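One structure below.
The values are calculated or read from the model by the stated rules, or taken from the named source; none is laboratory data. Predicted model only: the values in this text are computed from it and were never measured. Glycine also receives a Cβ, built like all others from the backbone with ideal geometry; neighbour counts cover every protein chain displayed. What goes into the accessible areas is simple: the full protein's heavy atoms, side chains included, and nothing from ligands, DNA or RNA. Shrake-Rupley method; radii C 1.70, N 1.55, O 1.52, S 1.80 Å.
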Amino acid sequence: MCLIVFAWRPGHAQPLIVAANRDEFYARPTLPLAQWPESPQVYAGRDLEAGGTWLGIGSNGRFAALTNIRDPQRPPGRKSRGELVARFLTGEVPIDDYLSEVVARSPEYGGFNLLVGNHRELWHFNARESEAVMLPPGVYGLSNAGLDTPWPKLLKARAALSEVLDDPQPQALLALLADAQQAPIADLPDTGVGVATETLLSSVFIASQSYGTRASTALIVQADGSRHLVERSFGPYGGHLGEVEIRI
(Lines give C-alpha, C1' and ligand atoms only; values in the text may rest on other atoms or scores of the structure.)
Protein backbone atom coordinates (compact mmCIF):
# COMPACT_ATOMS: atom_id res chain seq x y z
CA MET A 1 0.00 0.00 0.00
CA CYS A 2 1.52 3.28 -1.05
CA LEU A 3 -0.96 5.94 -0.02
CA ILE A 4 -3.37 6.03 2.90
CA VAL A 5 -5.35 9.06 4.02
CA PHE A 6 -7.56 8.67 7.04
CA ALA A 7 -9.64 10.55 9.56
CA TRP A 8 -9.53 9.32 13.15
CA ARG A 9 -12.46 10.74 15.12
CA PRO A 10 -13.11 8.81 18.35
CA GLY A 11 -16.53 9.65 19.76
CA HIS A 12 -17.86 10.63 16.33
CA ALA A 13 -20.72 8.80 14.62
CA GLN A 14 -18.13 7.63 12.07
CA PRO A 15 -14.90 7.35 14.04
CA LEU A 16 -12.65 6.04 11.25
CA ILE A 17 -12.67 6.96 7.56
CA VAL A 18 -9.96 5.49 5.31
CA ALA A 19 -9.10 5.96 1.63
CA ALA A 20 -6.11 3.94 0.44
CA ASN A 21 -4.29 2.95 -2.75
CA ARG A 22 -2.10 -0.12 -2.98
CA ASP A 23 0.62 0.31 -5.61
CA GLU A 24 2.47 -2.78 -6.82
CA PHE A 25 3.79 -4.54 -9.91
CA TYR A 26 0.87 -5.93 -11.91
CA ALA A 27 2.65 -9.26 -12.28
CA ARG A 28 2.56 -9.93 -8.53
CA PRO A 29 -0.31 -12.40 -7.97
CA THR A 30 -3.09 -11.01 -5.80
CA LEU A 31 -6.58 -11.89 -4.63
CA PRO A 32 -9.14 -9.08 -4.21
CA LEU A 33 -10.97 -8.17 -1.02
CA ALA A 34 -12.81 -11.18 0.45
CA GLN A 35 -13.52 -13.07 3.64
CA TRP A 36 -10.57 -15.35 4.43
CA PRO A 37 -11.74 -18.99 4.54
CA GLU A 38 -9.25 -20.05 7.23
CA SER A 39 -9.88 -16.88 9.30
CA PRO A 40 -13.52 -15.91 8.68
CA GLN A 41 -13.28 -12.87 10.95
CA VAL A 42 -10.86 -11.28 8.45
CA TYR A 43 -11.85 -9.32 5.34
CA ALA A 44 -8.90 -8.29 3.19
CA GLY A 45 -7.16 -8.75 -0.11
CA ARG A 46 -4.28 -11.18 -0.26
CA ASP A 47 -0.80 -11.18 -1.71
CA LEU A 48 -0.45 -14.67 -3.16
CA GLU A 49 3.33 -14.42 -3.43
CA ALA A 50 3.96 -14.09 0.31
CA GLY A 51 0.52 -14.72 1.83
CA GLY A 52 0.05 -11.41 3.64
CA THR A 53 -2.09 -8.37 2.98
CA TRP A 54 -1.84 -4.60 2.83
CA LEU A 55 -5.12 -3.53 4.47
CA GLY A 56 -7.98 -5.27 6.18
CA ILE A 57 -10.43 -5.55 9.05
CA GLY A 58 -10.89 -8.26 11.66
CA SER A 59 -12.95 -9.11 14.72
CA ASN A 60 -13.52 -6.75 17.66
CA GLY A 61 -13.19 -3.71 15.40
CA ARG A 62 -9.63 -4.55 14.35
CA PHE A 63 -8.14 -2.56 11.49
CA ALA A 64 -4.62 -2.66 10.05
CA ALA A 65 -2.85 -1.21 7.03
CA LEU A 66 0.68 -0.91 5.75
CA THR A 67 2.87 1.20 3.47
CA ASN A 68 6.46 0.53 2.47
CA ILE A 69 9.18 3.10 3.08
CA ARG A 70 10.93 3.96 -0.17
CA ASP A 71 14.69 3.58 0.26
CA PRO A 72 16.55 2.08 -2.72
CA GLN A 73 19.82 2.11 -0.76
CA ARG A 74 18.63 -0.46 1.77
CA PRO A 75 18.43 -4.20 0.99
CA PRO A 76 15.03 -5.91 1.16
CA GLY A 77 14.03 -7.50 4.43
CA ARG A 78 14.10 -11.22 5.08
CA LYS A 79 10.36 -11.35 5.73
CA SER A 80 7.32 -10.00 3.90
CA ARG A 81 5.87 -6.87 5.45
CA GLY A 82 2.35 -8.00 4.58
CA GLU A 83 2.47 -10.58 7.35
CA LEU A 84 2.48 -7.74 9.89
CA VAL A 85 -1.06 -6.81 8.87
CA ALA A 86 -2.23 -10.41 8.54
CA ARG A 87 -0.93 -11.46 11.96
CA PHE A 88 -2.70 -8.60 13.70
CA LEU A 89 -6.02 -9.23 11.94
CA THR A 90 -6.00 -12.99 12.51
CA GLY A 91 -4.86 -12.79 16.14
CA GLU A 92 -6.29 -11.61 19.44
CA VAL A 93 -3.16 -10.16 21.06
CA PRO A 94 -3.82 -6.71 22.63
CA ILE A 95 -2.56 -3.81 20.53
CA ASP A 96 0.20 -2.73 22.89
CA ASP A 97 1.56 -6.27 23.18
CA TYR A 98 1.43 -6.74 19.42
CA LEU A 99 3.25 -3.49 18.76
CA SER A 100 5.94 -4.37 21.29
CA GLU A 101 6.56 -7.52 19.27
CA VAL A 102 6.61 -5.56 16.00
CA VAL A 103 9.11 -3.04 17.37
CA ALA A 104 11.44 -5.85 18.43
CA ARG A 105 11.18 -7.65 15.09
CA SER A 106 11.12 -4.67 12.72
CA PRO A 107 14.74 -5.17 11.52
CA GLU A 108 13.60 -8.44 9.90
CA TYR A 109 11.52 -6.46 7.39
CA GLY A 110 12.17 -3.75 4.88
CA GLY A 111 11.14 -0.22 5.86
CA PHE A 112 7.44 0.16 6.63
CA ASN A 113 4.68 2.17 8.24
CA LEU A 114 2.08 0.17 10.15
CA LEU A 115 -1.36 1.31 11.30
CA VAL A 116 -3.22 -0.88 13.78
CA GLY A 117 -6.27 -0.14 15.84
CA ASN A 118 -9.83 -0.86 16.89
CA HIS A 119 -12.90 1.19 17.80
CA ARG A 120 -11.12 2.74 20.81
CA GLU A 121 -7.58 3.53 19.65
CA LEU A 122 -5.40 3.85 16.57
CA TRP A 123 -1.61 3.45 16.53
CA HIS A 124 1.17 4.21 14.05
CA PHE A 125 4.62 2.65 13.90
CA ASN A 126 7.38 3.74 11.52
CA ALA A 127 10.21 1.19 11.23
CA ARG A 128 12.81 3.98 11.20
CA GLU A 129 11.67 5.17 14.62
CA SER A 130 12.03 3.57 18.03
CA GLU A 131 8.46 3.39 19.29
CA ALA A 132 4.84 3.18 18.29
CA VAL A 133 2.61 6.24 18.79
CA MET A 134 -1.07 6.30 19.72
CA LEU A 135 -2.64 8.85 17.41
CA PRO A 136 -4.79 11.72 18.67
CA PRO A 137 -7.88 12.68 16.65
CA GLY A 138 -7.04 14.19 13.30
CA VAL A 139 -6.81 13.82 9.54
CA TYR A 140 -3.62 12.08 8.46
CA GLY A 141 -1.72 10.83 5.45
CA LEU A 142 0.83 8.06 4.89
CA SER A 143 2.78 7.40 1.74
CA ASN A 144 6.26 5.88 1.46
CA ALA A 145 7.97 8.04 4.08
CA GLY A 146 6.93 9.20 7.57
CA LEU A 147 3.45 10.11 8.78
CA ASP A 148 2.26 13.30 7.07
CA THR A 149 5.49 13.76 5.08
CA PRO A 150 4.39 16.60 2.75
CA TRP A 151 4.70 14.90 -0.63
CA PRO A 152 2.37 16.45 -3.25
CA LYS A 153 0.16 13.36 -3.59
CA LEU A 154 -0.29 13.08 0.17
CA LEU A 155 -1.17 16.76 0.60
CA LYS A 156 -3.66 16.60 -2.27
CA ALA A 157 -5.37 13.41 -1.09
CA ARG A 158 -5.50 14.51 2.55
CA ALA A 159 -7.10 17.82 1.56
CA ALA A 160 -9.61 15.99 -0.63
CA LEU A 161 -10.51 13.70 2.26
CA SER A 162 -11.09 16.69 4.54
CA GLU A 163 -13.55 18.10 2.02
CA VAL A 164 -15.84 15.03 2.13
CA LEU A 165 -15.83 14.33 5.87
CA ASP A 166 -19.21 15.99 6.47
CA ASP A 167 -20.83 13.16 4.53
CA PRO A 168 -18.23 10.54 3.63
CA GLN A 169 -19.44 8.03 1.06
CA PRO A 170 -17.43 5.20 -0.53
CA GLN A 171 -17.80 6.60 -4.04
CA ALA A 172 -16.42 9.99 -2.97
CA LEU A 173 -13.46 8.31 -1.28
CA LEU A 174 -12.78 6.22 -4.37
CA ALA A 175 -13.03 9.31 -6.55
CA LEU A 176 -10.29 11.12 -4.64
CA LEU A 177 -8.11 8.03 -5.00
CA ALA A 178 -8.54 8.09 -8.80
CA ASP A 179 -6.61 11.35 -9.31
CA ALA A 180 -3.92 10.54 -11.90
CA GLN A 181 -2.44 14.04 -12.25
CA GLN A 182 1.32 13.99 -11.72
CA ALA A 183 3.14 16.62 -9.69
CA PRO A 184 5.38 19.27 -11.31
CA ILE A 185 9.05 18.30 -11.33
CA ALA A 186 9.89 21.21 -8.99
CA ASP A 187 7.62 19.71 -6.31
CA LEU A 188 8.92 16.14 -6.44
CA PRO A 189 10.69 14.58 -3.46
CA ASP A 190 14.12 13.07 -4.01
CA THR A 191 14.04 9.49 -2.76
CA GLY A 192 16.87 8.24 -4.95
CA VAL A 193 14.88 6.66 -7.78
CA GLY A 194 15.43 9.33 -10.47
CA VAL A 195 13.18 12.04 -11.89
CA ALA A 196 11.25 9.79 -14.30
CA THR A 197 10.25 7.36 -11.56
CA GLU A 198 9.57 10.13 -9.04
CA THR A 199 7.21 11.66 -11.61
CA LEU A 200 5.41 8.37 -12.23
CA LEU A 201 4.96 7.82 -8.49
CA SER A 202 3.86 11.39 -7.77
CA SER A 203 0.19 10.95 -8.64
CA VAL A 204 -2.43 9.67 -6.22
CA PHE A 205 -3.42 7.03 -8.79
CA ILE A 206 -0.51 5.45 -10.67
CA ALA A 207 -0.84 3.77 -14.06
CA SER A 208 1.79 2.33 -16.37
CA GLN A 209 2.52 -0.88 -18.25
CA SER A 210 4.17 -2.78 -15.41
CA TYR A 211 3.54 -0.94 -12.13
CA GLY A 212 0.68 1.03 -10.70
CA THR A 213 -2.32 1.21 -8.40
CA ARG A 214 -3.61 -2.32 -8.04
CA ALA A 215 -6.40 -1.61 -5.54
CA SER A 216 -8.29 1.42 -4.23
CA THR A 217 -10.06 0.89 -0.92
CA ALA A 218 -12.65 2.91 0.98
CA LEU A 219 -13.49 2.05 4.59
CA ILE A 220 -16.17 3.70 6.73
CA VAL A 221 -16.50 2.61 10.36
CA GLN A 222 -19.64 3.47 12.31
CA ALA A 223 -19.81 4.11 16.07
CA ASP A 224 -21.88 0.95 16.54
CA GLY A 225 -19.01 -1.11 15.14
CA SER A 226 -20.51 -1.75 11.70
CA ARG A 227 -18.16 -1.32 8.76
CA HIS A 228 -18.57 -0.59 5.06
CA LEU A 229 -15.65 -1.62 2.86
CA VAL A 230 -15.36 -1.14 -0.91
CA GLU A 231 -12.39 -2.12 -3.07
CA ARG A 232 -11.74 -1.52 -6.77
CA SER A 233 -9.08 -3.56 -8.56
CA PHE A 234 -6.97 -2.42 -11.51
CA GLY A 235 -4.60 -3.83 -14.10
CA PRO A 236 -2.00 -2.35 -16.47
CA TYR A 237 -2.55 1.26 -17.48
CA GLY A 238 -5.29 1.52 -14.86
CA GLY A 239 -7.70 -0.89 -16.50
CA HIS A 240 -10.65 -1.57 -14.20
CA LEU A 241 -10.87 -5.23 -13.15
CA GLY A 242 -13.77 -5.25 -10.71
CA GLU A 243 -15.29 -3.98 -7.47
CA VAL A 244 -16.09 -5.71 -4.17
CA GLU A 245 -18.38 -4.27 -1.50
CA ILE A 246 -18.71 -5.66 2.02
CA ARG A 247 -20.92 -4.54 4.89
CA ILE A 248 -20.53 -6.19 8.29
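What does the C-alpha gyration tensor say about the overall shape of segment 105-248? Classify as rounded when a/c is under 1.5, otherwise prolate if a/b is larger than b/c, or oblate. Intermediate results must be reported in sequence, preceding the final value.
Working: a/c = 1.60, a/b = 1.12, b/c = 1.43.
Oblate.
Tell me, what is the per residue accessible area of the chain in Å², probe radius 1.4 Å?
Numbers: 10860 Å² over 248 residues.
Counting only protein heavy atoms, the per-residue value for the chain is 44 Å².
Looking at the P(r) of segment 1-125, how many percent of alpha-carbon pairs lie beyond 22 Å?
Working: 2574 of 7750 pairs.
Looking at segment 1-125, the distances longer than 22 Å represent 33 percent of pairs.
Once every Cα of the chain carries one equal point scatterer and solvent is ignored, give the base-10 log of I(q)/I(0) from the Debye formula at q = 0.07, 0.10, 0.12, 0.15 Å⁻¹, two decimals.
The computed values of log10 I(q)/I(0) come out as -0.20, -0.42, -0.63, -1.04.
Distance between the C-alpha centers of segment 38-89 and segment 2-28? Whole Å please.
14 Å
As an exercise, use a Förster radius of 51 Å and the Cβ-Cβ distance of Met134 and Val195 to find the FRET efficiency, rounded to the nearest 0.05.
Details: r = 38 Å, r/R0 = 0.74.
Computed FRET efficiency for Met134 and Val195: 0.85.
For a quick check of your reading of the filter: which trypsin sites (Lys or Arg not before Pro) in segment 34-121 sit in a DSSP loop and have no more than 15 other Cβ atoms within 10 Å? Provide the component values of the computation, followed by the final result.
Numbers: sites: Arg46, Arg62, Arg70, Arg78, Lys79, Arg81, Arg87, Arg105, Arg120; in loops: Arg62, Arg70, Arg78, Arg81, Arg120.
Filter output for segment 34-121: Arg78, Arg120.
How long are the semi-axes of the equivalent ellipsoid of segment 178-248, defined as square roots of 5 times the Cα gyration tensor eigenvalues? Whole Å, largest first.
Working: eigenvalues 183, 50, 14 Å².
After scaling each eigenvalue by five and taking roots: 30, 16, 8 Å.
If the only charges are +1 at each Lys and Arg Cβ and -1 at each Asp and Glu Cβ, what is the size of the charge dipole of segment 2-247 around the Cα centre, to the nearest 20 debye? Could you put the intermediate results ahead of the total?
Numbers: 21 positive and 27 negative charges, 60 e Å.
My answer is approximately 300 debye.
For the chain, what is the mean residue ellipticity at 222 nm derived from helices alone (per DSSP H run of n ≥ 4: -39500 (n - 2.57); sum divided by total residues; nearest 500 deg cm²/dmol)?
Values: 5 runs with 46 residues, N = 248.
Estimated from H runs of four or more residues: -5500 deg cm²/dmol.
Remind me, relative contact order of segment 2-247 in percent, using alpha carbon pairs under 8 angstrom and six or more residues apart? Intermediate results must be reported in sequence, preceding the final value.
Details: 559 pairs, mean separation 57.2, N = 246.
Answer for segment 2-247 is 23 percent.
Can you pull the percent of segment 1-146's accessible area that's carbon plus sulfur, 1.4 Å probe, other chains left in place?
Details: 3150 of 6000 Å².
Roughly 52 percent of what the probe reaches on segment 1-146 is carbon or sulfur.
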